[in-house]
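The values are calculated or read from the model by the stated rules, or taken from the named source; none is laboratory data. Being a predicted model, the structure only gives us computed values, none of them experimental. Protein only, heavy atoms only, side chains kept; ligands, DNA and RNA dropped before computing areas. Shrake-Rupley method; radii C 1.70, N 1.55, O 1.52, S 1.80 Å.
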Amino acid sequence: MLTSKARILWIKWHAYLSCFFLPLALIYALTGLLHLLEVEGGASETFEIPYSSASWPDNEQDAKQALVIFLENENALSHLPIPKNYFVSPVWQGWYDIHQEISLVAEDEDHGAKVVIEKNDLMRQLMYIHKGIASNIFKVLGILFGISLLFSIVSGAIVALAMPKLKRNSTIACALGCLSLLVAYLLS
């Protein structure tokens, strides 16, 4: 059984952590809901520049080097630096981060290739925060938020189970939560 002072301390930490992480929790909740509804966001601006080169770059380093030179020659320095996250397919190489996506796209023999630059809209940026693609600061905040959320849930359960007036209903709620999780898992 928790003493009155211990309960107050748990409640204070629960409240302070909740208030600190509320903005990030709202972002995660909103983007998680929208992701489940398949709303991903997109580009606020798109630029397409015809790309001509003697050969298609074989690897990330060659493609990145060719792209930097190309953007410098096209006076498109505002799109530099090249984002750090890399993706590749047989006809597509690209880089992305929270701010933009830059792709080198091979079209067909008649049309050659092009560079596509997409500036991410706010929704896509928020999705990238949710997916852990944003900066390391957001990764650290996300990890701390996860730990805080775990602490908040555990501290709330400890306080509820320690209070005589809440113990019975809290125990029933815990049992129903475990049962619904088990049923959901078995039905999946």
Inset, instruction - Please give the per residue accessible area of the range 1-120, computed with a probe of 1.4 Å over protein heavy atoms only, in Å². - result: 66
Legend entry - With all protein chains modelled, accessible area of E45 [1.4 Å, Å²]: 100
Legend entry - Cα-based convex hull, the chain, per residue volume (Å³, whole number): 170
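Over the chain, with every protein chain in place, what whole percent of the accessible area is carbon and sulfur at 1.4 Å, could you tell me? Walk me through the numbers before you get to the answer.
Working: 8380 of 12590 Å².
Carbon with sulfur: 67 percent of the solvent-accessible area.
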Legend entry - Length added when fully stretched, K139-Q65, from 0.36 nm per residue minus Cα-Cα: 23.8 nm
Inset, instruction - Mind telling me which of T171, T46, T31 comes out most flexible in a GNM of the chain, alpha-carbon contacts under 10 Å? - result: T171
